[in-house]
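Trainee: Quick one: the structure is below, questions incoming.
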Amino acid sequence: MTNQAYSLIGTPVNLRFDKSVLFGPSFYHTISEIDSKKMTRKNIISVLKKCVDLFKVPINYYSKINGDNNFLWRLKIRENQRIDNRKIKHKY
């Protein structure tokens, strides 16, 4: 069985329930407005950044690099900060 996941989104902090109950549905509602055939990493990052700034929830976003099975893109998205975007070696 092959995993077809291309990205992983999560918070690096213990998130209060009231924030998670708002952040998750807001992200998924906004992202669902994008045509799935046109959804790009850029679109996902844009929506995540808006949600991070609105709800003040730090997010780490990991995504697959096409054609490179040894590295991932890791983005640290923080409120009112420039996105920290790095290529990292994965451990699995």
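Trainee: Scan region 21-48 for residues that are closer than 16 Å to Ile77 by Cβ and either touching a residue at least 24 places away in the same chain (Cβ under 8 Å) or over 12 Å from the mean Cα position of the chain (by Cα) (or both) and jot them down.
Mentor: Correct list: Phe23, Ser26, Phe27, Thr30, Arg41, Ile44, Ile45, Leu48.
Trainee: Could you list, in sequence order, all residues of region 25-50 that are among the small types (Gly, Ala, Ser) and modelled with pLDDT of 90 or more?
Mentor: Within region 25-50, Ser26, Ser46 qualify.
Trainee: Would you please name the residue that is nearest to the chain's Cα centre (by Cα), looking only at residues in region 51-75 that are touching a residue at least 40 places away in the same chain (Cβ under 8 Å) and in a strand (DSSP E or B)?
Mentor: Tyr61
Trainee: Could you grab me the full set of residues in region 34-92 that are surrounded by fewer than 12 Cβ atoms within 10 Å (Cβ to Cβ) and small (Gly, Ala, Ser)?
Mentor: Ser36, Gly67 - these are the residues of region 34-92 that are surrounded by fewer than 12 Cβ atoms within 10 Å (Cβ to Cβ) and small (Gly, Ala, Ser).
Trainee: Moving on. Against the condition more than 14 Å from Gly10 (Cβ to Cβ) and in a helix (DSSP H, G or I), how does Ser26 come out, does it pass?
Mentor: The answer is yes for Ser26.
Trainee: Sticking with this one: Can you find a residue that is touching a strand residue (DSSP E or B) at 6+ places or on another chain (Cβ under 7 Å) and under 18 Å from Arg74 (Cβ atoms) anywhere in region 49-56?
Mentor: For region 49-56, residues touching a strand residue (DSSP E or B) at 6+ places or on another chain (Cβ under 7 Å) and under 18 Å from Arg74 (Cβ atoms): present.
The values are calculated or read from the model by the stated rules, or taken from the named source; none is laboratory data. Only a predicted model underlies this, so the values are computations on that prediction, with no experimental measurement involved. Here Cβ is always computed from backbone atoms with ideal geometry, including for glycine, and neighbour counts include all displayed protein chains.
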